[in-house]
Amino acid sequence: MITARGLDAVSEALATKGPVGALAYLNEGVSPRYTAIYRFAGPLLHNVLLHDKQGRKRPDYLSVVPFTQSFCQFVQRGKSFRTIDSAADPRLSGHPLQGVVISYHSVPLLDECTGHLWGTLSHFDMKSSPLSDAEFVLLQGAARLLPAFLARS
């Protein structure tokens, strides 16, 4: 029996396993290898959590990323960013990660108290990995739930 993936399951994962469990749940239903939370910190982005579909330890190059060299810079309050092939995406022309991070699907995470942009919740991969509209809507919903749990961690 196949059950529909939804926000109730994300809530359950958050309640029982915290943000780590929520990222694992989000990642298991999509093709991109990574699901991650990055926090804005001035000129840098800090990886707060990363789920790797292959179960590997986070690579050092994904720990801290210069803001101007990331795709996260295109995510703004109320504005997401998606590409399934960065190499062919004209919006990314000349960007240092164009053709490196190939697929990137990201939504903003807002500070629970201030409503200001706190960071991003993303699915990404070094190969082309499409994401269904339903899964992107689920990612957006998860981004509304996660801030309360991130403040506790």
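Does any residue of the stretch 2-18 turn out to be under 13 Å from the mean Cα position of the chain (by Cα) and at pLDDT 95 or above?
Scanning the stretch 2-18, I find no residue that is under 13 Å from the mean Cα position of the chain (by Cα) and at pLDDT 95 or above, so the answer is no.
From the list GLY115, GLY119, GLY55, which one is in a strand (DSSP E or B), out of contact with any Gly (no Cβ under 8 Å at 6 or more places or on another chain) and over 19 Å from SER132 (Cβ atoms)?
Going through GLY115, GLY119, GLY55 in turn, just one is in a strand (DSSP E or B), out of contact with any Gly (no Cβ under 8 Å at 6 or more places or on another chain) and over 19 Å from SER132 (Cβ atoms): GLY119.
Residue under question is SER132, and the condition is that it be open to solvent by 20 Å² or more (accessible area, probe 1.4 Å) and either closer than 17 Å to SER31 by Cα or among the basic types (Lys, Arg) (or both); does it hold?
Here the answer is yes, as SER132 does meet what is asked.
Give the residue, chosen from TYR38, TYR34, that is crowded, with 17+ Cβ neighbours inside 10 Å, out of contact with any Lys or Arg (no Cβ under 6 Å at 6 or more places or on another chain), modelled with pLDDT of 95 or more and farther than 18 Å from PRO147 by Cβ.
TYR34
If I filter the stretch 67-88 for residues that are hydroxyl-bearing (Ser, Thr, Tyr), within 22 Å of GLN140 (Cα to Cα) and open to solvent by 30 Å² or more (accessible area, probe 1.4 Å), do I get at least one hit?
Checked against the condition, which is being hydroxyl-bearing (Ser, Thr, Tyr), within 22 Å of GLN140 (Cα to Cα) and open to solvent by 30 Å² or more (accessible area, probe 1.4 Å), the stretch 67-88 yields at least one hit.
Does the stretch 46-65 contain any residue that is small (Gly, Ala, Ser) and in contact (Cβ under 8 Å) with a residue 12 or more places away in the chain?
Yes; the residues of the stretch 46-65 include at least one that is small (Gly, Ala, Ser) and in contact (Cβ under 8 Å) with a residue 12 or more places away in the chain.
Of all residues being among the charged types (D, E, K, R) and part of a helix (DSSP H, G or I) in the stretch 59-93, which is nearest to ARG33 (Cα to Cα)? Just the residue, please.
Once the filter is applied, the top-ranked residue is ASP60.
Residue-by-condition table, conditions (1) in a helix (DSSP H, G or I); (2) open to solvent by less than 10 Å² (accessible area, probe 1.4 Å); (3) modelled with pLDDT under 95:
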site	(1), (2), (3)
HIS95	no, no, yes
GLY99	no, no, yes
SER106	no, yes, no
HIS123	no, yes, no
GLY141	yes, yes, no
LEU145	yes, no, no
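Within 20 Å of GLY29 (Cβ to Cβ) and in contact with a strand residue (DSSP E or B) (Cβ under 9 Å, 6 or more places away or on another chain) - does that describe any residue in the stretch 107-118?
Yes, the stretch 107-118 contains a residue that is within 20 Å of GLY29 (Cβ to Cβ) and in contact with a strand residue (DSSP E or B) (Cβ under 9 Å, 6 or more places away or on another chain).
The values are calculated or read from the model by the stated rules, or taken from the named source; none is laboratory data. Because the structure is predicted, anything quoted here is derived from the model rather than measured. Counting neighbours? That spans all protein chains shown, and the Cβs are built from the backbone with ideal geometry, glycine included. The protein model used for the area step is the full one, side chains on, heavy atoms only, and it has no ligands, DNA or RNA in it. Shrake-Rupley method; radii C 1.70, N 1.55, O 1.52, S 1.80 Å.
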